[in-house]
Amino acid sequence: MKIMNCPLNGPRNISEFVYGGEVKTMPNSLTCSDKEWADYVFYSDNTIRVITEWWYHSASGYWFIAERHTASDEIFKTYDPSELFNERIEFESKPEPVEEKSA
């Protein structure tokens, strides 16, 4: 049985966790191209290395970060996201085009 250390709940069976993707710098959604956004959402380097990933503990609803080696699957460290992120990002929406009414 594989065990993962949850920073909130301690060592737990890996079946209690859901992979959330690699931690990457998000492009500005208002100014980036469709290709840049698609690359951010759908693509990764897929190289053998230690990566930083989002993980979700489904039993408690807790998101956290793990550092894991992609070849050996060894988890080196897990920690609360506040260690990397110290401010909230507010998303602005693109203004809707104004439709002109004909007379």
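If packing is taken as the average count of other Cβ atoms within 10 Å, what order do 11-23, 57-69 fall into, highest mean first?
Ranked from most to least packed, the peptides come out as 57-69, 11-23.
Lysine pairs in the chain with alpha-carbon atoms under 27 Å apart, 8 or more places apart or on different chains: how many are there?
Within the chain, the lysine pair count is 6.
I'd like the Karplus ³J(HN,Hα) series for the stretch 79-92: coefficients 6.51, -1.76, 1.60, θ = phi - 60°, whole numbers in Hz, and an x wherever there's a Gly or Pro.
Values per residue, Gly and Pro as x: 7, 5, x, 5, 6, 9, 10, 10, 9, 8, 9, 9, 8, 9 Hz.
Can you tell me the relative contact order of the chain? Whole percent, Cα pairs under 8 Å, sequence separation 6 or more.
23 percent
Work out how much length ILE89 to ALA71 would gain on full extension: take 0.36 nm times their residue separation and subtract the Cα-Cα distance, in nm to one decimal.
Length difference between fully extended and current span is 3.2 nm.
Which net charge results when you count Lys and Arg as +1 and Asp and Glu as -1 among the other residues whose beta-carbon is under 15 Å from that of ASN5?
-3
Could you work out [θ]222 nm for the chain from helices alone, using -39500 (n - 2.57) per DSSP H run of at least four and dividing by all its residues? Round to the nearest 500 deg cm²/dmol.
Mean residue ellipticity, 222 nm, calculated: -2500 deg cm²/dmol.
Charges at C-beta only: +1 for Lys and Arg, -1 for Asp and Glu. How large is the resulting dipole of the stretch 3-83 about its Cα centre, in Debye rounded to 20?
With Lys and Arg at +1 and Asp and Glu at -1, about 120 debye.
Taken together, the values in this text are just the output of simple stated rules run on the coordinates, not laboratory data. The model shown is predicted, which means the values in this text are computed figures rather than measured ones. Every residue, glycine as well, gets a Cβ built from its backbone with ideal geometry; the counts of neighbours run over all protein chains shown.
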